[in-house]
Amino acid sequence: LRHDIRNDLQLITAYAELLDDECETEGKQQYIDTINESADHAIELTQTARDLSEVMLSDDVEKERVDLQTILEGEVTEVKASYPGATLEFGTPVPSVTLATNETVSSVFRNLLKNAIQHNDKEVAEVIISAVEHEETVTVHIADNGPGVPDGRKEAVFGKGEQGLDSSGTGIGLHLVERIVSTHDGQVWIEDNDPEGAIFNVELPTV
């Protein structure tokens, strides 16, 4: 199903690009931009749905060894390319540690980075990524300058189908984050950023 949907969306995107080349009016250009943005969002949704289904249908999590630096820097690079108007920076060097997880953990950071940008109300979304190594764990902090998350919603946003503030999304992205982190014996929580915004914290075991 995911494969068929992606094929149709790629066809829509291809025809939108043809129209883009021939477009001569600003009004019509806005329609084409909307088509492209919606198609990109739907393609992203199929990827999130795939990741979530893999986690939910697995009886046992097969833990491997993945390098935090490789995973995190790779996801930051990809998100930067998708959102050139946003600012993503590392506040600290990423420690060279090995996680007791598997490749699905990349979905955690991808979703949190995109969430920090998509739900940002500033003209320029600013995201600072840092990581702190502990004795048996590492904690990754993803801080943004957005509207923040009220105390009464800090736990609820990770629930299945829960949407963020003023969100038109499905609410499965943060639920996927919570499921993957918990299945790998980790924790995820939200704190207030200073002076504004939110900090999403992910703690995962190391080996």
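The values are calculated or read from the model by the stated rules, or taken from the named source; none is laboratory data. The model shown is predicted, which means the values in this text are computed figures rather than measured ones. A quick note on method: Cβ atoms are made from the backbone with ideal geometry, for glycine too, and the neighbour counts reach across all protein chains shown. Ligands, DNA and RNA are stripped out before the accessible areas are found, and what is left, the full protein with its side chains, is counted by its heavy atoms. Shrake-Rupley method; radii C 1.70, N 1.55, O 1.52, S 1.80 Å.
Residues in the stretch 178-207 that are touching a helix residue (DSSP H, G or I) at 6+ places or on another chain (Cβ under 9 Å) and in a loop (DSSP other than H, G, I, E, B): H184, G186, G197. Just so you know, in the stretch 194-206 the residues that are more than 18 Å from the chain's Cα centre (by Cα) and under 17 Å from P150 (Cβ atoms) include one that is least open to solvent (accessible area, probe 1.4 Å), and it is E196. Screening N7, N36 for residues that are more than 23 Å from Q118 (Cβ to Cβ) and assigned to a helix (DSSP H, G or I) leaves exactly one candidate, N7. The set of residues from the stretch 81-99 being within 15 Å of the chain's Cα centre (by Cα), within 18 Å of K122 (Cα to Cα) and of a type in the set (G, A, S) comprises S82, A86. Contact map, the stretch 74-89: residues that are in contact (Cβ under 8 Å) with a residue 12 or more places away in the chain paired with residues that are open to solvent by less than 50 Å² (accessible area, probe 1.4 Å) and among the polar types (S, T, N, Q), Cβ distance under 7 Å, separation 6+ or inter-chain. Pairs shown: E75/S106. Note on the stretch 105-135: residues that are open to solvent by less than 10 Å² (accessible area, probe 1.4 Å) and part of a helix (DSSP H, G or I) amount to 7.
Within the stretch 87-101, the set of residues being closer than 23 Å to E44 by Cβ and open to solvent by less than 20 Å² (accessible area, probe 1.4 Å) comprises L88, T101. In the stretch 11-28, what residues are open to solvent by 50 Å² or more (accessible area, probe 1.4 Å), without any contact (Cβ under 8 Å) to a residue 24 or more places away in the chain and part of a helix (DSSP H, G or I)? Within the stretch 11-28, L11, Y15, E17, L18, L19, D20, D21, E22, E26, K28 meet the criteria.
For (1) at negative phi; (2) part of a strand (DSSP E or B); (3) modelled with pLDDT under 90, each residue gets a yes or a no:
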site: I142; (1), (2), (3): yes, yes, no
site: G146; (1), (2), (3): yes, no, no
site: V149; (1), (2), (3): yes, no, no
site: V157; (1), (2), (3): yes, no, no
site: E162; (1), (2), (3): yes, no, yes
site: L165; (1), (2), (3): yes, no, yes
site: G169; (1), (2), (3): yes, no, yes
site: G173; (1), (2), (3): yes, no, yes
site: L176; (1), (2), (3): yes, no, yes
